[in-house]
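Encoded as C-alpha cells, the structure appears first; notes follow it.
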Amino acid sequence: MDTTYQISKLQDVVISLHIVRGQIVINGEQIVPMDTLSKRLRQRAEQLGISNAEAARRVGLDERRYAHYVGGRREPDLATLLRIASSLGTTPNWLLGVTEPADAVAETSELLERFANAANGMTLEELQLCIIQAEAIVAAKTRR
C-alpha cells in the first residue's frame, strides 16, 4: 500500500509523507519504521498511567482499531495521527521518533521531551514533588 499525504505547502514547497510497507517516508528521504509508533504509543500510555483501552477512548477511536496501531499492524492516517498526539498530550514527531538534525544537544532535548511527556500525566502535587527532587539533585552536585 502506497498512500501519500500532503502535510503542508509553503511557497510552492511541498512536504509529503508516504506510508510504504509499514514505514513512513518523508520527502522521499527520511524513513520512520512503524514499530517506532507502536513502541511510542505503549510508552506514552505507560507515562500517563492508562491502558490502551483508555487511550483509545481519549482519542475517540474504537479499541480494536487503536490496538492495531499499538501492535504495529496498521498505520494511522495523518488526521488520526494528529488526533492521537493531541489527545495523549504529545507531538506527532515524538510518536514517530522523528528527531531534529543531530547535534550535541539532541540527547538532552529528547530527555527533556520525555520528561515533559511524563509530567503531562502527573497531578500538580506530583509535579511539584518532581521539581523538588530535581532541585535537590542539582544542589547535591554543587556541594561536591
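The values are calculated or read from the model by the stated rules, or taken from the named source; none is laboratory data. Keep in mind that what you see is a predicted model, and the values were worked out from it rather than measured. Positions of Cβ are backbone-derived with ideal geometry, glycine not excepted, and every protein chain shown enters the neighbour counts.
With (1) assigned to a helix (DSSP H, G or I); (2) at pLDDT below 85 as the list, and PHE115 as the residue in question, which single condition is left unmet?
(2)
Any residue in the range 39-53 that is modelled with pLDDT under 90 and in contact with a helix residue (DSSP H, G or I) (Cβ under 6 Å, 6 or more places away or on another chain)?
Looking for residues that are modelled with pLDDT under 90 and in contact with a helix residue (DSSP H, G or I) (Cβ under 6 Å, 6 or more places away or on another chain), one finds at least one in the range 39-53, hence yes.
Any residue in the range 71-97 that is on the phi > 0 side of the Ramachandran plot sitting within a Cβ distance under 6 Å of a residue that is polar (S, T, N, Q)? List the pairs, counting only those 6 or more apart or interchain.
Listed by first residue and then by second, the contacts come to GLY72/SER38; GLY89/ASN120; GLY97/THR36.
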